[in-house]
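Asks: I have a structure here, written as structure tokens, and I will follow up with some questions on it.
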Amino acid sequence: MARSGRTGSIQQFLGSAHLFSSALTEILQNRLLWEAGATNLSFSQLKLLQLLAITETQTIGELAAFLGVSNAAASKTVEKLVQSGWVSRTTAESDRRTAHVALTRRAHHLLAVYERKRQQKLAKVFDKASLEELRRMATLMDQITVEMVNHSAKPEDICLHCGIYFRDKCLVRDLGGHSCLYRRRAKITSERGARRNENCAMKLTLK
């Protein structure tokens, strides 16, 4: 009976979590994005813009690592953003095969408007919740999230994009004890680029 009651409570919690996630996606993400003036921008593209806002500039390989896609897929996403005027793409003089991506002034303005609207909405949504309640719920959700990651086949290969979702620290790394997948992928990409530059320099020297 006790086990049945616990199972029911878990199911109720998961149902509430799904409803919260749906409301978050529809109201605090998609709708606010539309209100901010980005009618042609998906939320996945917004995440990429937010990453660029944090890091200022990224290579195609680093963006692919963040998105968990191939360089070709990341390049296609960047091309759409370039065509829409959200990002600029420049090629390094030292290696023309390495393109650096950065936000345009238009994108900076969009993110500022979106953040202001988001903060205003969040203040109204959480007005009745005390700081203690919010901290307690956040801690519980973090603990459950980490347990879910730890019970996956390869927890070290999961990236939750913590920095994009209001977080200053990597949840998986700090609570789960795993290294950050994005940072590992970006490091590998950077090392490959460095080796490629070294090989090109050697070939030029031999000529």
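Asks: Being among the acidic types (Asp, Glu), more than 16 Å from the chain's Cα centre (by Cα), in a helix (DSSP H, G or I) and at pLDDT below 90: is that true of GLU26 here?
Replies: Yes, satisfied.
Asks: Among the residues of the stretch 9-17, are any farther than 23 Å from ALA138 by Cα and outside any strand (DSSP E or B)?
Replies: no
Asks: Another one. So GLY15 ticks every box in (1) surrounded by 14 or more Cβ atoms within 10 Å (Cβ to Cβ); (2) at pLDDT 85 or above but one. Which box is left unticked?
Replies: For GLY15, the exception is condition (1).
Asks: Considering only the stretch 39-48, I want to know if a residue exists there that is part of a loop (DSSP other than H, G, I, E, B) and in contact with a Ser or Thr (Cβ under 8 Å, 6 or more places away or on another chain).
Replies: yes
Asks: If SER152 satisfies all but one of (1) modelled with pLDDT of 85 or more; (2) exposed (fewer than 15 other Cβ atoms within 10 Å of the Cβ), what's the number of the condition it fails?
Replies: All conditions pass for SER152, except number (1).
Asks: What tally of residues in the stretch 92-113 results from selecting those that are modelled with pLDDT of 90 or more and in contact with a helix residue (DSSP H, G or I) (Cβ under 6 Å, 6 or more places away or on another chain)?
Replies: 4
Asks: Tell me, yes or no, whether the stretch 59-77 has at least one residue that is without any contact (Cβ under 8 Å) to a residue 40 or more places away in the chain, of a type in the set (Ser, Thr, Tyr) and surrounded by 17 or more Cβ atoms within 10 Å (Cβ to Cβ).
Replies: yes
Asks: Do we have GLU147 as in a helix (DSSP H, G or I), assigned by TED's automatic domain parsing to the domain that holds LEU24 and out of contact with any Lys or Arg (no Cβ under 8 Å at 6 or more places or on another chain) here?
Replies: no
Asks: For a quick check of your reading of the model, give me the residue pairs whose first member lies in the stretch 105-128 and is over 24 Å from LEU48 (Cβ atoms), whose second is part of a helix (DSSP H, G or I), with beta-carbon atoms closer than 8 Å and at least 6 apart or on different chains.
Replies: So the pair list comes out as VAL125/LEU28; PHE126/LEU134.
Asks: May I pose another question? Evaluate the following for SER88: is it modelled with pLDDT of 85 or more, of a type in the set (S, T, N, Q) and assigned to a helix (DSSP H, G or I)?
Replies: No, not satisfied.
Asks: Any idea which of (1) more than 27 Å from MET148 (Cβ to Cβ); (2) within 15 Å of the chain's Cα centre (by Cα); (3) at pLDDT below 80 is the one PHE43 doesn't satisfy?
Replies: (1)
Asks: Would you point out which residue out of LEU63, LEU48 is within 20 Å of LEU24 (Cα to Cα), among the aliphatic types (A, V, I, L, M) and modelled with pLDDT of 80 or more?
Replies: Answer to the selection: LEU48.
The values are calculated or read from the model by the stated rules, or taken from the named source; none is laboratory data. Please read all numbers here as calculations on a predicted model, not as lab measurements. Glycine also receives a Cβ, built like all others from the backbone with ideal geometry; neighbour counts cover every protein chain displayed.
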